[in-house]
Amino acid sequence: MQTIYALLDALLPIEAFQFTFMKNAFLAILLLTPLLGLLGTMAVNQQMAFFSDALGHSALTGIGLGMILGVGNDLVSMLIFGIVWALLIVRIRQTGSSSADTVISVFSSTSIAAGLLILAKGGKFARYSSLLIGDVLAVTPSDLLWLLIALIGGIALWCVIYNRLLLTGINSSLAASRGIRTRLIDAAFVVLVAVAVMLAIRWVGVMLINALLILPAAAGRNLATGSRQHALFSVLLSLTSGIAGLLCAYAWDTSAGAAIVLFAAAFYGLSLLVRALRKR
Amino acid sequence: MAEHHCSLCHIGLEDLSVRRGGQVLLHDINMHIHCGQLTVLIGQNGAGKTTLIRALLGELPHGGSVRHLDGQNRDIPHVRIGYVPQNLQFDKEMPVTVSDFIAAAFSRRPVWSGISKKTRARVTEVLQAVDAGDLAGRRLGLCSGGELQRVLLALAIHPAPDLLVLDEPVSGVDQNGLELFLDTVLRLKESHHMAILLVSHDLRLVREYADHVVLLDKTVLCQGSAEYVFGSDEFNAVFGRGDGEVAN
């Protein structure tokens with residue numbers, strides 16, 4: 001860890017990085033944003049923005065249920081509940097496709113309400129309110145290790161499923177006729193999104209996590225013509241928003257998650273402008 | 001395309017039925033799809049044509065049996081089906097090029113990381129085989145109905161299938177596009193001795209090209225040569241005498 005810190009000092013000799021918590025936050029962003037940027041491309045293409053939003057909200061219920069069942073580690077409760085929740089939403093979407101957004105909305109509000117009900121018992125919700133807005137400055141070296149493992153594992157799985165997911169997203173009958181197990185691929189994707197969202201939620205917050213997943217990918221989509229460009233733009237914008245947001249939050253002494261998302265939103269606005277100019 | 005041997009004499013559907021939510025969508029379907037022949041499925045909207053295709057593709061559970069049999073009536077496992085969907089409903093704004101789409105089907109390497117030279121050469125080759133070489137760099141959502149149809153055909157015939165299933169587009173493809181498409185399909189039928197099942201709404205084209213016509217309305221009402229089916233009472237009951245004359 002010391003070597004990495006020394007390296008950061010040498011490469012980025014800016015005032016903000018004299019603090020270890022800033023170095024940790026910076027590293028966390030380097031690890032987290034590329035994965036969210038990549039996953040976001042497909043979440044946007046498959047019109048799952050609302051889905052991932054509902055998924056983020058389920059973190060509260062996950063922690064609440066974990067507390068009732070006596071699971072010591074909040075992250076474990078969130079992960080398990082998030083995965084189960086994601087698979088359940090997808091299953092319901094596949095069977096009754098008529099009003100997917102209603103189904104998701106029901107799931108979303110149910111999980112917020114259930115989470116609040118449990119966590120607010122005895123007026124103790126304040127302990128968990130940091131979860132709503134996140135705190136990337138609280139990242140520890142052991143968290144970073146987990147994020148690194150998640151990044152490597154996530155990108156590896158992403159490489160394995162991507163092509164089949166792309167075909168399934170375009171037309172699932174066509175994908176099935178080519179021997180693709182479309183339900184399995186869809187399930188693998190939502191599990192991957194669930195894991196990435198749950199890992200990121202402590203640092204970015206329940207309220208903003210979805211923006212970080214969706215905005216860079218949506219902006220990238222406005223600029224790209226092919227899959228490669230989409231991935232490239234999405235990851236670049238995600239990284240840039242992350243770093244710029246972190247530095248601004250430090251300078252202005254405000255929430256890093258909010259600053260990051262605002263940068264991503266600004267990039268999205270710019271991408272709309274670029275697209276409009278190109279069309280003329 | 002690899003040399004394709006006719007290892008398959010026909011695909012036999014025996015007493016095939018599909019039920020969903022207590023409703024009978026198809027019942028007592030008995031028909032053969034022979035290789036080297038163009039079998040055309042006709043019928044009104046809602047007659048179950050697409051349902052039959054989805055059952056064949058294994059997407060819908062069905063009763064009865066679908067058997068793939070060789071010349072000696074022995075079962076052949078693992079029959080490869082190439083499928084061209086009717087209208088590809090997808091997000092037209094999706095940043096995916098025709099090359100990305102085809103390379104995703106041919107290669108394990110995720111297309112967001114780029115397309116290898118070898119795969120790119122193969123993509124060009126299969127597109128040229130259906131007169132669509134110039135579409136490689138185009139975004140999928142910007143292709144016209146006819147262009148998309150050719151791209152889908154390119155994908156469906158690589159690797160060479162034993163059965164090619166074509167759901168003819170109802171809209172978005174002009175007459176020229178349709179004939180160009182059918183020409184390619186007929187060339188495949190001759191050169192690769194493929195069994196082809198086509199769902200068609202264009203009775204004039206059916207009369208011209210079909211080797212075997214199956215008239216469907218929840219079950220097989222009538223089947224045989226185009227001439228026989230078009231002259232049948234069942235055909236007139238479904239389409240009315242007027243349509244039969246147009247087709248003549």
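The values are calculated or read from the model by the stated rules, or taken from the named source; none is laboratory data. All of these numbers come straight from a predicted model, not from anything done at the bench. With ideal geometry, Cβ positions are generated from the backbone for all residues, glycine too; neighbour counts draw on all protein chains shown.
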Would you please name the residue that is nearest to the other protein chains (Cβ to nearest Cβ), looking only at residues in segment B:47-66 that are over 18 Å from the mean Cα position of the chain (by Cα) and either assigned to a strand (DSSP E or B) or surrounded by fewer than 20 Cβ atoms within 10 Å (Cβ to Cβ) (or both)?
B:PRO61
Report yes if some residue within segment A:199-207 is in contact (Cβ under 8 Å) with a residue 60 or more places away in the chain, charged (D, E, K, R) and more than 14 Å from chain B (Cβ to nearest Cβ); otherwise report no.
yes
I need the helices (runs of 4 or more DSSP H) fully contained in segment A:120-186, keeping only those with at least 3 residues that are within 14 Å of chain B (Cβ to nearest Cβ) and not aliphatic (A, V, I, L, M).
A:141-170, A:172-177
The lone condition A:LEU69 fails out of (1) modelled with pLDDT under 80; (2) under 29 Å from A:LEU144 (Cβ atoms) is (1)
Scanning for something without any contact (Cβ under 8 Å) to a residue 24 or more places away in the chain and more than 7 Å from chain A (Cβ to nearest Cβ), does segment B:91-102 turn up at least one residue?
no
Find all pairs meeting these conditions: Cβ atoms under 9 angstrom apart; at least six residues apart or on different chains; first residue within segment B:58-82 and touching a residue at least 60 places away in the same chain (Cβ under 8 Å); second residue surrounded by fewer than 13 Cβ atoms within 10 Å (Cβ to Cβ) and in a strand (DSSP E or B).
B:HIS68/B:ASP75; B:LEU69/B:ASP75
Checking A:THR225 against (1) over 24 Å from A:LEU166 (Cβ atoms); (2) among the β-branched types (Val, Ile, Thr); (3) out of contact with any Leu (no Cβ under 8 Å at 6 or more places or on another chain), which test does it fail?
(1)
Among the residues of segment B:28-43, are any under 22 Å from B:LEU203 (Cα atoms), at pLDDT 85 or above and facing chain A (nearest Cβ under 10 Å)?
no
Given the options B:VAL151, B:VAL173, name the one that is of a type in the set (A, V, I, L, M) and part of a loop (DSSP other than H, G, I, E, B).
B:VAL173
When B:LEU142 is evaluated against the numbered criteria (1) within 12 Å of chain A (Cβ to nearest Cβ); (2) free of Cβ contacts under 8 Å to residues at least 40 places away in the same chain; (3) surrounded by fewer than 21 Cβ atoms within 10 Å (Cβ to Cβ), which criterion, by number, is the only one it fails?
(2)
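Yes/no per residue for (1) crowded, with 18+ Cβ neighbours inside 10 Å; (2) out of contact with any strand residue (DSSP E or B) (no Cβ under 7 Å at 6 or more places or on another chain); (3) in a helix (DSSP H, G or I):
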position	(1), (2), (3)
B:ASN73	no, yes, no
B:ASN87	no, yes, no
B:ASP91	no, yes, no
B:MET94	yes, yes, no
B:SER99	yes, yes, yes
B:ALA103	yes, yes, yes
B:ARG108	no, yes, no
B:LYS118	no, yes, yes
B:ALA121	no, yes, yes
Looking only at residues in segment A:64-104 that are under 19 Å from A:TRP203 (Cβ atoms) and crowded, with 24+ Cβ neighbours inside 10 Å, which one is nearest to the other protein chains (Cβ to nearest Cβ)?
A:GLY82
Restricting attention to segment B:106-161, report how many residues are within 23 Å of B:ARG187 (Cα to Cα) and of a type in the set (S, T, N, Q).
4
Looking at B:ALA132, is it surrounded by 16 or more Cβ atoms within 10 Å (Cβ to Cβ), farther than 30 Å from A:ALA156 by Cα and touching an Asp or Glu at 6+ places or on another chain (Cβ under 7 Å)?
yes
Somewhere in segment A:215-237, is a residue closer than 19 Å to A:ASP135 by Cβ, more than 14 Å from chain B (Cβ to nearest Cβ) and under 15 Å from the mean Cα position of the chain (by Cα)?
no
Determine which member of the set A:GLN18, A:GLN47 is free of Cβ contacts under 8 Å to residues at least 60 places away in the same chain, over 22 Å from A:LEU236 (Cβ atoms), within 14 Å of chain B (Cβ to nearest Cβ) and surrounded by fewer than 24 Cβ atoms within 10 Å (Cβ to Cβ).
A:GLN47
Given the condition part of a helix (DSSP H, G or I), modelled with pLDDT under 90 and among the charged types (D, E, K, R), answer yes or no: does some residue in segment A:269-278 qualify?
yes
